[in-house]
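Student: First the structure, which I've put down as structure tokens, then a few questions once you've had a look.
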Amino acid sequence: YTLQGHKDFISRIAWSPDGQSLASGSFDRTLKLWDTEGGELRQTLEGHTLNIHSVAWSPNGRLLASGSWDKTIKLWDVETGQLRRTLTGHSGTVFSVAWSPNGRLLASGSSDRTVRLWDLESGQRRWTLEGHANAVNCVAWSPNGQMLASAANDNMIRLWTQRQGDCYAL
């Protein structure tokens, strides 16, 4: 079947950890949560003021993170559809978000050439990782959560240690 409902370009999709739902982020500024067995729209999440460019489920499947051209990251309660928290600090589009395997940290990559690590218990930025010479398009955690990889338009992949936020290798 086909999932339809967005009114503009769909920029990102992500499966829930249990495989029962699919989240889609769009340039229509909405997130949509879909039932993957029947293809029905479960809910529409609204709150970003510009295009959504990144979407990621928390490891336990209870929260959804979205990054946008509005320079914010929003954390959504999947059960209620309520906005839980807005993370601010990037000065450019948030192109990528990724949860740490334990669900305590969120990494974000932005057109401002930085990677930021957010402590999700407090909602505060833990580290700002600098070193890329262009927009950071992609962030990904190692399976053990000790390292973070970032990739950017500078044709570089950087590996960062989670504890000190230092660049480990290129």
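The values are calculated or read from the model by the stated rules, or taken from the named source; none is laboratory data. Please read these numbers as outputs of a predicted model, since none were measured by experiment. All Cβ positions, even for glycine, are placed from backbone atoms using ideal geometry, and neighbour counts span all protein chains on display. What goes into the accessible areas is simple: the full protein's heavy atoms, side chains included, and nothing from ligands, DNA or RNA. Shrake-Rupley method; radii C 1.70, N 1.55, O 1.52, S 1.80 Å.
Student: May I ask you to evaluate 6.51 cos²θ - 1.76 cosθ + 1.60, the Karplus curve with θ = phi - 60°, for each residue of the stretch 127-135 and list the ³J(HN,Hα) values in order in whole Hz, giving x for glycine and proline?
Tutor: Ordered by residue, 3J(HN,Hα) equals 9, 10, 9, 10, x, 6, 9, 8, 4 Hz.
Student: Same structure again: May I ask which residue of SER110, HIS48, ALA133 lies farthest towards the positive end of the charge dipole of the chain, with charges of +1 (Lys, Arg) and -1 (Asp, Glu) on Cβ and the Cα centre as origin?
Tutor: Sorting the options by dipole projection puts first ALA133.
Student: Now for a different question. Using a Gaussian network model of the chain with C-alpha springs under 10 Å, which one of ASN102, ASN155, ASN51 is most mobile by mean-square fluctuation?
Tutor: Residue with maximal mean-square fluctuation among ASN102, ASN155, ASN51: ASN155.
Student: May I pose another question? For VAL55, what residues show an amide H to amide H distance below 5 Å, using hydrogens built from the backbone and excluding near sequence neighbours?
Tutor: GLY67, VAL97
Student: Modelling each spin label as a point 7 Å along the Cα-to-Cβ direction, I'd like the LEU50/GLN82 distance in nm, to one decimal.
Tutor: It is 2.9 nm.
Student: Shifting gears a bit: For labels at SER91 and ALA133 in the simple 7 Å Cα→Cβ model, what's the distance in nm?
Tutor: A separation of 2.0 nm, rounded to one decimal place.
Student: Let me ask you something else. If you place +1 on the Cβ of every Lys and Arg, -1 on the Cβ of every Asp and Glu, and leave all else neutral, what size is the dipole of the stretch 31-125 about its Cα centre, to the nearest 20 Debye?
Tutor: Around 380 debye, computed over the stretch 31-125.
Student: What accessible area per residue, rounded to a whole number of Å², is obtained for the chain using a probe radius of 1.4 Å?
Tutor: Averaged over the residues of the chain, the accessible area is 51 Å².
Student: Give the ranking of ASP8, ASP35, ASP18 by solvent-accessible surface, highest area first, calculated with a 1.4 Å probe.
Tutor: ASP18, ASP8, ASP35
Student: Semi-axes, largest first, in whole Å: what does sqrt of 5 times each Cα gyration tensor eigenvalue give for the chain?
Tutor: Semi-axis lengths for the chain are 26, 17, 14 Å.
Student: Using Cα-Cα distances under 8 Å and only pairs 6 or more residues apart, what relative contact order does the chain have, in percent?
Tutor: Result for the chain is 11 percent.
Student: Continuing with the same structure: Once R0 is set to 25 Å, what does the formula 1/(1 + (r/R0)^6) return for the Cβ-Cβ distance between MET147 and ARG125, expressed as a FRET efficiency to the nearest 0.05?
Tutor: Calculated value: 0.85.
Student: Which of the GluC sites (Glu not before Pro) across the stretch 1-59 are loop residues per DSSP, with 15 or fewer other Cβ within 10 Å?
Tutor: Sites meeting the loop and neighbour criteria: GLU37, GLU40.
Student: Oh, and also: Give the long-range amide H neighbours of CYS138: residues separated by 5 or more places, or on another chain, with amide H under 5 Å away, using H modelled in the peptide plane at 1.01 Å from N.
Tutor: HN-HN under 5 Å from CYS138: ALA151.
Student: For the stretch 75-121, with equal point scatterers placed on the C-alpha atoms only and solvent neglected, what are the log10 I(q)/I(0) values from the Debye formula at q = 0.21, 0.28 1/Å, to two decimals?
Tutor: -0.77, -1.10
Student: Would you tally the net charge around ARG116, using a Cβ to Cβ cut-off of less than 13 Å, leaving ARG116 out, and scoring K and R as +1, D and E as -1?
Tutor: Net of charged neighbours comes to +1.
Student: For the pair ILE157/ARG42, report the inter-label distance in nm, with labels modelled 7 Å from Cα in the Cβ direction.
Tutor: Reported label-point gap for ILE157 and ARG42 is 3.1 nm.
Student: Sequence-distant or interchain residues sharing an amide H contact under 5 Å with THR93, placed H: which?
Tutor: SER111, ASP112
Student: Sequence gap at least 6, Cα distance under 8 Å: using those rules, report the relative contact order of the stretch 82-157 to the nearest whole percent.
Tutor: 25 percent.
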